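Heads up, the thing below is written out as C-alpha coordinates.
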Amino acid sequence: HNHGFWSPKPLLDTARFTLSFNSRCRKNHQDSQALWKHEAVQKYLETLSKEYQQVSRLLSADSLNDFEQRTLRRRCADLSPIAAAFQEIKEAEREVRELEAMCTELDSKDEKQLLELALEEKESLDKKMNVLCRKLFQLLVPKEKYDRSPVILEVTAGRTTGGDICQQFTKEMFEMYQNYADYKHWTFDIVNYTPAEIGGLHHAAAHISGENVYRHLKYEGGTHRVQRIPETGMSSRMQRIHTGTMSVIVLPQPEEVDVKVDPKDLRIDTFRARGAGGQHVNKTDSAVRIVHLPTGLAVECQQERSQQMNKEIALRTLRAKLYQQIVDKQLSQEQSARKLQLGTRAQSERIRTYNFTQDRVTDHRISYDARNIKEILSGKEALDKLINRLLEFAEIEAVTQYLENLQTLEGGG
(Lines give C-alpha, C1' and ligand atoms only; values in the text may rest on other atoms or scores of the structure.)
Protein backbone atom coordinates (compact mmCIF):
# COMPACT_ATOMS: atom_id res chain seq x y z
CA HIS A 1 0.00 0.00 0.00
CA ASN A 2 2.17 2.81 -1.35
CA HIS A 3 1.08 6.39 -1.92
CA GLY A 4 -2.60 5.52 -1.90
CA PHE A 5 -2.30 2.60 -4.33
CA TRP A 6 -2.54 -1.14 -3.59
CA SER A 7 -0.46 -3.43 -5.82
CA PRO A 8 -1.73 -6.99 -5.28
CA LYS A 9 0.01 -10.14 -6.43
CA PRO A 10 -1.98 -11.28 -9.46
CA LEU A 11 -4.30 -14.24 -9.23
CA LEU A 12 -3.84 -16.88 -11.90
CA ASP A 13 -3.96 -15.52 -15.43
CA THR A 14 -5.32 -18.22 -17.75
CA ALA A 15 -4.02 -16.41 -20.83
CA ARG A 16 -0.56 -17.71 -19.90
CA PHE A 17 -1.48 -21.36 -19.66
CA THR A 18 -1.23 -24.26 -22.07
CA LEU A 19 -3.99 -26.72 -21.28
CA SER A 20 -2.29 -29.53 -23.14
CA PHE A 21 -3.09 -32.21 -20.55
CA ASN A 22 0.54 -33.32 -20.61
CA SER A 23 2.02 -36.37 -18.93
CA ARG A 24 3.79 -34.34 -16.26
CA CYS A 25 0.45 -33.16 -14.92
CA ARG A 26 -1.02 -36.66 -15.00
CA LYS A 27 1.93 -38.19 -13.16
CA ASN A 28 2.35 -35.55 -10.47
CA HIS A 29 -1.20 -34.41 -9.80
CA GLN A 30 -3.87 -37.03 -10.23
CA ASP A 31 -6.51 -34.95 -8.47
CA SER A 32 -7.16 -31.69 -6.70
CA GLN A 33 -6.35 -33.09 -3.26
CA ALA A 34 -2.92 -34.30 -4.42
CA LEU A 35 -2.13 -30.85 -5.81
CA TRP A 36 -3.28 -29.24 -2.55
CA LYS A 37 -0.49 -31.05 -0.68
CA HIS A 38 2.17 -29.56 -2.98
CA GLU A 39 4.56 -27.31 -1.03
CA ALA A 40 4.38 -24.49 -3.58
CA VAL A 41 0.56 -24.52 -3.43
CA GLN A 42 0.62 -24.24 0.36
CA LYS A 43 3.12 -21.40 0.20
CA TYR A 44 1.09 -19.52 -2.43
CA LEU A 45 -2.17 -19.90 -0.52
CA GLU A 46 -0.53 -18.80 2.74
CA THR A 47 0.61 -15.67 0.91
CA LEU A 48 -2.91 -14.95 -0.35
CA SER A 49 -4.36 -15.63 3.11
CA LYS A 50 -1.94 -13.19 4.74
CA GLU A 51 -2.69 -10.61 2.05
CA TYR A 52 -6.42 -11.00 2.76
CA GLN A 53 -5.81 -10.35 6.47
CA GLN A 54 -3.66 -7.31 5.62
CA VAL A 55 -6.30 -5.91 3.22
CA SER A 56 -9.01 -6.43 5.86
CA ARG A 57 -6.94 -4.50 8.42
CA LEU A 58 -6.29 -1.65 5.97
CA LEU A 59 -10.01 -1.40 5.19
CA SER A 60 -10.75 -0.70 8.84
CA ALA A 61 -8.39 2.30 8.84
CA ASP A 62 -9.96 5.76 8.83
CA SER A 63 -7.20 7.41 6.81
CA LEU A 64 -8.18 5.90 3.42
CA ASN A 65 -9.61 8.04 0.63
CA ASP A 66 -12.46 6.87 -1.65
CA PHE A 67 -10.14 5.52 -4.36
CA GLU A 68 -8.16 3.47 -1.82
CA GLN A 69 -11.37 2.14 -0.29
CA ARG A 70 -12.72 1.00 -3.69
CA THR A 71 -9.40 -0.62 -4.69
CA LEU A 72 -9.10 -2.53 -1.42
CA ARG A 73 -12.75 -3.61 -1.44
CA ARG A 74 -12.29 -5.13 -4.92
CA ARG A 75 -9.19 -6.97 -3.80
CA CYS A 76 -10.94 -8.12 -0.63
CA ALA A 77 -13.83 -9.48 -2.70
CA ASP A 78 -11.32 -11.46 -4.84
CA LEU A 79 -9.47 -12.90 -1.85
CA SER A 80 -12.34 -13.52 0.58
CA PRO A 81 -13.73 -16.77 -0.97
CA ILE A 82 -10.18 -18.10 -1.48
CA ALA A 83 -9.20 -17.40 2.14
CA ALA A 84 -12.46 -18.97 3.38
CA ALA A 85 -11.96 -22.13 1.26
CA PHE A 86 -8.32 -22.32 2.43
CA GLN A 87 -9.41 -22.27 6.08
CA GLU A 88 -12.16 -24.83 5.42
CA ILE A 89 -9.62 -27.28 3.98
CA LYS A 90 -7.22 -26.64 6.88
CA GLU A 91 -10.02 -27.44 9.33
CA ALA A 92 -10.97 -30.63 7.44
CA GLU A 93 -7.29 -31.67 7.45
CA ARG A 94 -7.13 -31.18 11.22
CA GLU A 95 -10.19 -33.43 11.64
CA VAL A 96 -8.57 -36.10 9.44
CA ARG A 97 -5.37 -36.02 11.54
CA GLU A 98 -7.37 -36.41 14.75
CA LEU A 99 -9.27 -39.37 13.29
CA GLU A 100 -6.03 -41.01 12.10
CA ALA A 101 -4.49 -40.60 15.55
CA MET A 102 -7.57 -42.16 17.12
CA CYS A 103 -7.52 -45.06 14.66
CA THR A 104 -3.94 -46.00 15.60
CA GLU A 105 -5.03 -46.34 19.24
CA LEU A 106 -8.11 -48.46 18.47
CA ASP A 107 -6.62 -51.92 18.01
CA SER A 108 -8.37 -54.13 20.58
CA LYS A 109 -11.36 -56.34 19.64
CA ASP A 110 -13.67 -54.36 21.91
CA GLU A 111 -12.96 -51.22 19.94
CA LYS A 112 -13.47 -52.78 16.49
CA GLN A 113 -16.93 -51.22 16.00
CA LEU A 114 -15.60 -47.80 17.00
CA LEU A 115 -12.73 -48.22 14.54
CA GLU A 116 -15.16 -48.99 11.70
CA LEU A 117 -17.14 -45.84 12.51
CA ALA A 118 -13.93 -43.79 12.57
CA LEU A 119 -12.86 -45.19 9.16
CA GLU A 120 -16.30 -44.35 7.71
CA GLU A 121 -15.96 -40.81 9.04
CA LYS A 122 -12.47 -40.55 7.53
CA GLU A 123 -13.79 -41.68 4.13
CA SER A 124 -16.50 -39.03 4.34
CA LEU A 125 -13.92 -36.37 5.23
CA ASP A 126 -11.72 -37.44 2.28
CA LYS A 127 -14.65 -36.88 -0.10
CA LYS A 128 -15.30 -33.50 1.52
CA MET A 129 -11.60 -32.61 1.07
CA ASN A 130 -11.78 -33.43 -2.66
CA VAL A 131 -14.85 -31.22 -3.09
CA LEU A 132 -13.25 -28.35 -1.14
CA CYS A 133 -9.96 -28.60 -3.08
CA ARG A 134 -11.81 -28.57 -6.40
CA LYS A 135 -13.78 -25.52 -5.25
CA LEU A 136 -10.56 -23.77 -4.20
CA PHE A 137 -8.81 -24.33 -7.54
CA GLN A 138 -11.91 -23.19 -9.41
CA LEU A 139 -11.65 -19.95 -7.44
CA LEU A 140 -7.94 -19.61 -8.22
CA VAL A 141 -8.35 -20.12 -11.96
CA PRO A 142 -10.43 -17.22 -13.29
CA LYS A 143 -13.22 -17.85 -15.76
CA GLU A 144 -12.15 -17.55 -19.37
CA LYS A 145 -13.47 -14.67 -21.40
CA TYR A 146 -15.84 -16.82 -23.46
CA ASP A 147 -16.86 -19.43 -20.87
CA ARG A 148 -20.41 -18.07 -20.68
CA SER A 149 -20.76 -17.66 -24.45
CA PRO A 150 -23.04 -19.71 -26.72
CA VAL A 151 -21.25 -21.81 -29.34
CA ILE A 152 -21.39 -23.04 -32.89
CA LEU A 153 -20.68 -26.78 -32.79
CA GLU A 154 -19.77 -28.51 -36.06
CA VAL A 155 -19.35 -32.23 -36.72
CA THR A 156 -17.80 -33.71 -39.87
CA ALA A 157 -17.39 -37.36 -40.85
CA GLY A 158 -13.86 -38.57 -41.60
CA ARG A 159 -12.81 -41.45 -43.80
CA THR A 160 -12.45 -45.15 -43.22
CA THR A 161 -11.07 -48.13 -45.14
CA GLY A 162 -14.46 -49.84 -45.36
CA GLY A 163 -18.11 -49.52 -44.52
CA ASP A 164 -19.84 -46.29 -43.58
CA ILE A 165 -19.05 -46.26 -39.85
CA CYS A 166 -17.76 -42.67 -39.98
CA GLN A 167 -21.06 -41.25 -41.17
CA GLN A 168 -23.05 -43.37 -38.70
CA PHE A 169 -20.73 -42.40 -35.84
CA THR A 170 -20.95 -38.71 -36.80
CA LYS A 171 -24.73 -38.93 -36.59
CA GLU A 172 -24.52 -40.59 -33.16
CA MET A 173 -22.12 -37.91 -31.93
CA PHE A 174 -24.32 -35.06 -33.16
CA GLU A 175 -27.29 -36.65 -31.41
CA MET A 176 -25.15 -37.08 -28.27
CA TYR A 177 -24.47 -33.33 -28.13
CA GLN A 178 -28.13 -32.62 -28.86
CA ASN A 179 -29.12 -34.84 -25.92
CA TYR A 180 -26.44 -33.24 -23.73
CA ALA A 181 -27.85 -29.81 -24.51
CA ASP A 182 -31.26 -31.08 -23.41
CA TYR A 183 -29.70 -32.58 -20.25
CA LYS A 184 -28.10 -29.20 -19.40
CA HIS A 185 -31.32 -27.30 -20.30
CA TRP A 186 -29.62 -25.49 -23.18
CA THR A 187 -31.15 -24.45 -26.51
CA PHE A 188 -29.96 -26.50 -29.50
CA ASP A 189 -30.74 -25.01 -32.93
CA ILE A 190 -29.62 -26.94 -36.02
CA VAL A 191 -28.00 -24.56 -38.52
CA ASN A 192 -26.87 -27.05 -41.14
CA TYR A 193 -27.50 -30.78 -41.69
CA THR A 194 -26.08 -32.83 -44.57
CA PRO A 195 -27.17 -36.49 -44.25
CA ALA A 196 -25.33 -39.41 -45.84
CA GLU A 197 -27.06 -41.78 -48.23
CA ILE A 198 -27.24 -44.76 -45.86
CA GLY A 199 -28.70 -43.13 -42.77
CA GLY A 200 -25.51 -41.50 -41.49
CA LEU A 201 -24.32 -37.91 -41.46
CA HIS A 202 -21.64 -36.13 -43.52
CA HIS A 203 -21.69 -32.76 -41.78
CA ALA A 204 -23.88 -30.79 -39.37
CA ALA A 205 -23.71 -27.61 -37.33
CA ALA A 206 -25.76 -26.28 -34.44
CA HIS A 207 -26.02 -23.09 -32.42
CA ILE A 208 -26.10 -23.95 -28.69
CA SER A 209 -26.98 -21.34 -26.10
CA GLY A 210 -27.54 -21.47 -22.35
CA GLU A 211 -25.58 -21.26 -19.11
CA ASN A 212 -21.79 -21.73 -19.45
CA VAL A 213 -22.08 -23.58 -22.77
CA TYR A 214 -18.56 -22.87 -24.02
CA ARG A 215 -17.05 -23.73 -20.63
CA HIS A 216 -18.46 -27.26 -20.87
CA LEU A 217 -17.89 -27.89 -24.58
CA LYS A 218 -14.53 -26.21 -25.25
CA TYR A 219 -12.54 -29.44 -24.83
CA GLU A 220 -14.81 -31.46 -27.14
CA GLY A 221 -13.11 -29.97 -30.21
CA GLY A 222 -10.75 -32.37 -31.98
CA THR A 223 -10.67 -35.76 -33.68
CA HIS A 224 -12.85 -38.52 -32.20
CA ARG A 225 -12.00 -42.08 -33.22
CA VAL A 226 -14.42 -45.02 -33.43
CA GLN A 227 -13.58 -48.72 -33.48
CA ARG A 228 -16.47 -51.09 -34.23
CA ILE A 229 -17.76 -53.89 -36.43
CA PRO A 230 -20.14 -52.36 -39.02
CA GLU A 231 -23.77 -53.39 -38.54
CA THR A 232 -24.65 -53.37 -42.26
CA GLY A 233 -23.01 -54.14 -45.60
CA MET A 234 -20.26 -56.55 -46.61
CA SER A 235 -17.98 -55.47 -43.78
CA SER A 236 -20.48 -56.64 -41.15
CA ARG A 237 -20.43 -60.21 -42.53
CA MET A 238 -16.65 -60.31 -42.26
CA GLN A 239 -16.90 -59.50 -38.53
CA ARG A 240 -13.82 -57.31 -38.79
CA ILE A 241 -13.23 -54.26 -36.61
CA HIS A 242 -13.04 -51.04 -38.61
CA THR A 243 -11.51 -47.78 -37.44
CA GLY A 244 -12.92 -44.43 -38.48
CA THR A 245 -12.85 -40.82 -37.32
CA MET A 246 -15.02 -37.74 -37.15
CA SER A 247 -14.07 -34.22 -36.11
CA VAL A 248 -15.73 -31.73 -33.80
CA ILE A 249 -15.14 -27.98 -33.89
CA VAL A 250 -16.44 -25.75 -31.10
CA LEU A 251 -16.55 -22.01 -31.80
CA PRO A 252 -17.42 -19.59 -29.00
CA GLN A 253 -19.93 -17.04 -30.23
CA PRO A 254 -19.78 -13.84 -28.16
CA GLU A 255 -23.00 -11.83 -28.14
CA GLU A 256 -21.33 -9.00 -30.02
CA VAL A 257 -18.64 -10.02 -32.48
CA ASP A 258 -17.00 -6.87 -33.78
CA VAL A 259 -15.64 -8.10 -37.11
CA LYS A 260 -16.22 -5.97 -40.18
CA VAL A 261 -17.02 -7.94 -43.33
CA ASP A 262 -16.94 -6.17 -46.68
CA PRO A 263 -19.91 -7.33 -48.82
CA LYS A 264 -17.55 -7.28 -51.83
CA ASP A 265 -15.57 -10.11 -50.18
CA LEU A 266 -18.60 -12.41 -50.03
CA ARG A 267 -20.05 -14.89 -52.50
CA ILE A 268 -23.59 -15.80 -51.53
CA ASP A 269 -25.27 -18.87 -53.06
CA THR A 270 -28.76 -20.21 -52.43
CA PHE A 271 -29.91 -23.80 -52.77
CA ARG A 272 -32.69 -26.10 -51.68
CA ALA A 273 -32.59 -27.29 -48.09
CA ARG A 274 -31.88 -30.93 -47.37
CA GLY A 275 -32.56 -31.06 -43.64
CA ALA A 276 -32.93 -34.03 -41.32
CA GLY A 277 -36.62 -33.61 -40.70
CA GLY A 278 -37.83 -33.39 -44.28
CA GLN A 279 -39.77 -30.15 -43.75
CA HIS A 280 -39.80 -27.83 -46.78
CA VAL A 281 -36.98 -29.90 -48.30
CA ASN A 282 -36.44 -29.42 -52.07
CA LYS A 283 -39.35 -26.97 -52.35
CA THR A 284 -37.69 -23.55 -52.11
CA ASP A 285 -34.17 -22.17 -52.44
CA SER A 286 -34.18 -21.05 -48.79
CA ALA A 287 -30.78 -22.46 -47.79
CA VAL A 288 -27.83 -20.08 -47.95
CA ARG A 289 -24.10 -20.66 -48.42
CA ILE A 290 -21.68 -17.76 -47.88
CA VAL A 291 -18.03 -17.91 -48.94
CA HIS A 292 -15.55 -15.34 -47.60
CA LEU A 293 -13.29 -14.98 -50.64
CA PRO A 294 -10.11 -13.60 -48.95
CA THR A 295 -9.90 -16.53 -46.50
CA GLY A 296 -11.89 -19.23 -48.29
CA LEU A 297 -14.09 -19.73 -45.22
CA ALA A 298 -17.52 -21.10 -46.11
CA VAL A 299 -20.65 -21.38 -43.97
CA GLU A 300 -24.11 -22.74 -44.67
CA CYS A 301 -27.49 -22.30 -43.01
CA GLN A 302 -30.74 -24.06 -43.83
CA GLN A 303 -32.38 -23.86 -40.41
CA GLU A 304 -35.16 -21.41 -41.25
CA ARG A 305 -37.80 -21.31 -43.97
CA SER A 306 -36.84 -17.71 -44.75
CA GLN A 307 -33.84 -17.16 -47.01
CA GLN A 308 -33.19 -13.79 -45.31
CA MET A 309 -33.11 -15.33 -41.82
CA ASN A 310 -30.75 -18.07 -43.03
CA LYS A 311 -28.51 -15.38 -44.51
CA GLU A 312 -28.40 -13.49 -41.19
CA ILE A 313 -27.54 -16.66 -39.23
CA ALA A 314 -24.84 -17.59 -41.78
CA LEU A 315 -23.31 -14.10 -41.57
CA ARG A 316 -23.25 -14.32 -37.78
CA THR A 317 -21.51 -17.70 -37.97
CA LEU A 318 -19.00 -16.35 -40.51
CA ARG A 319 -18.16 -13.42 -38.24
CA ALA A 320 -17.61 -15.85 -35.35
CA LYS A 321 -15.20 -17.91 -37.48
CA LEU A 322 -13.32 -14.83 -38.66
CA TYR A 323 -13.15 -13.58 -35.07
CA GLN A 324 -11.79 -16.97 -34.03
CA GLN A 325 -8.98 -16.66 -36.58
CA ILE A 326 -8.01 -13.32 -35.00
CA VAL A 327 -8.05 -14.90 -31.51
CA ASP A 328 -5.96 -17.87 -32.71
CA LYS A 329 -3.39 -15.54 -34.26
CA GLN A 330 -3.09 -13.54 -31.05
CA LEU A 331 -2.70 -16.69 -28.97
CA SER A 332 -0.03 -18.10 -31.26
CA GLN A 333 1.89 -14.85 -31.01
CA GLU A 334 1.68 -14.89 -27.21
CA GLN A 335 2.57 -18.56 -26.84
CA SER A 336 3.55 -20.57 -29.90
CA ALA A 337 3.34 -23.94 -28.17
CA ARG A 338 -0.22 -23.40 -26.94
CA LYS A 339 -2.53 -26.35 -27.60
CA LEU A 340 -5.72 -25.22 -25.95
CA GLN A 341 -8.69 -26.10 -28.17
CA LEU A 342 -10.42 -22.75 -28.33
CA GLY A 343 -12.48 -23.50 -31.37
CA THR A 344 -9.28 -23.89 -33.41
CA ARG A 345 -8.48 -26.40 -36.13
CA ALA A 346 -6.57 -28.58 -33.66
CA GLN A 347 -7.81 -31.74 -35.37
CA SER A 348 -4.53 -33.56 -36.05
CA GLU A 349 -4.34 -35.31 -32.67
CA ARG A 350 -7.17 -37.63 -31.71
CA ILE A 351 -8.59 -36.71 -28.35
CA ARG A 352 -10.91 -39.64 -27.67
CA THR A 353 -11.52 -43.23 -28.79
CA TYR A 354 -14.86 -45.03 -28.69
CA ASN A 355 -14.15 -48.77 -28.78
CA PHE A 356 -17.48 -50.56 -29.25
CA THR A 357 -16.04 -54.10 -29.13
CA GLN A 358 -14.58 -53.43 -25.67
CA ASP A 359 -17.45 -51.13 -24.62
CA ARG A 360 -14.92 -48.47 -23.59
CA VAL A 361 -14.42 -44.74 -24.14
CA THR A 362 -10.88 -43.43 -23.62
CA ASP A 363 -9.95 -39.76 -23.39
CA HIS A 364 -6.28 -39.76 -24.34
CA ARG A 365 -5.50 -36.32 -22.88
CA ILE A 366 -6.18 -37.38 -19.31
CA SER A 367 -5.82 -41.19 -19.63
CA TYR A 368 -9.42 -41.60 -18.52
CA ASP A 369 -11.45 -44.72 -19.34
CA ALA A 370 -15.21 -44.95 -19.08
CA ARG A 371 -17.25 -48.10 -19.60
CA ASN A 372 -20.69 -48.33 -21.25
CA ILE A 373 -20.49 -46.43 -24.54
CA LYS A 374 -24.28 -46.26 -24.76
CA GLU A 375 -24.36 -44.25 -21.52
CA ILE A 376 -21.81 -41.77 -22.92
CA LEU A 377 -23.62 -41.48 -26.27
CA SER A 378 -26.93 -40.88 -24.50
CA GLY A 379 -25.48 -37.46 -23.66
CA LYS A 380 -26.49 -37.43 -20.02
CA GLU A 381 -24.81 -38.08 -16.66
CA ALA A 382 -21.91 -40.21 -17.96
CA LEU A 383 -20.87 -37.61 -20.55
CA ASP A 384 -21.26 -34.83 -17.98
CA LYS A 385 -18.95 -36.73 -15.62
CA LEU A 386 -16.31 -37.09 -18.36
CA ILE A 387 -16.55 -33.39 -19.28
CA ASN A 388 -16.22 -32.35 -15.63
CA ARG A 389 -13.16 -34.59 -15.29
CA LEU A 390 -11.60 -32.71 -18.22
CA LEU A 391 -12.39 -29.36 -16.59
CA GLU A 392 -10.81 -30.48 -13.31
CA PHE A 393 -7.61 -31.58 -15.05
CA ALA A 394 -7.48 -28.28 -16.92
CA GLU A 395 -7.77 -26.38 -13.62
CA ILE A 396 -5.07 -28.55 -12.02
CA GLU A 397 -2.68 -28.01 -14.91
CA ALA A 398 -3.32 -24.27 -14.88
CA VAL A 399 -2.42 -24.07 -11.18
CA THR A 400 0.56 -26.41 -11.64
CA GLN A 401 2.03 -24.40 -14.49
CA TYR A 402 1.51 -21.10 -12.70
CA LEU A 403 3.34 -22.34 -9.61
CA GLU A 404 6.19 -23.78 -11.68
CA ASN A 405 6.58 -20.39 -13.39
CA LEU A 406 6.51 -18.72 -9.98
CA GLN A 407 9.23 -21.03 -8.63
CA THR A 408 11.38 -20.38 -11.71
CA LEU A 409 11.09 -16.62 -11.23
CA GLU A 410 11.85 -16.85 -7.51
CA GLY A 411 14.84 -19.05 -8.27
CA GLY A 412 16.15 -16.53 -10.78
CA GLY A 413 15.59 -18.88 -13.72
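Things to note:
- The range 158-205 - convex hull of alpha carbons, volume per residue in Å³: 64
- Charge tally around N355: other residues with Cβ under 11 Å, Lys/Arg +1 each, Asp/Glu -1 each, net +3.
- Too-long pairs where the Cα-Cα distance tops 24 Å, listed order kept, from K143/K184; K135/K385; K128/K374; K171/K260; K143/K374: K128/K374; K171/K260; K143/K374
- Accessible-area composition of the range 88-140, carbon plus sulfur, in percent [1.4 Å probe]: 51
- Extension gain (nm, one decimal) between D369 and F271, 0.36 nm per residue minus Cα-Cα: 30.9 nm
- The alpha carbons of the range 32-140 give a radius of gyration and a Dmax of 19.1, 67 Å, in that order.
The values are calculated or read from the model by the stated rules, or taken from the named source; none is laboratory data. All of these numbers come straight from a predicted model, not from anything done at the bench. Heads up, the Cβs are rebuilt from the backbone with ideal geometry, glycines too, and the neighbour counts pull from every protein chain shown. SASA here: full protein model, heavy atoms, side chains in, ligands and nucleic acids out. Shrake-Rupley method; radii C 1.70, N 1.55, O 1.52, S 1.80 Å.
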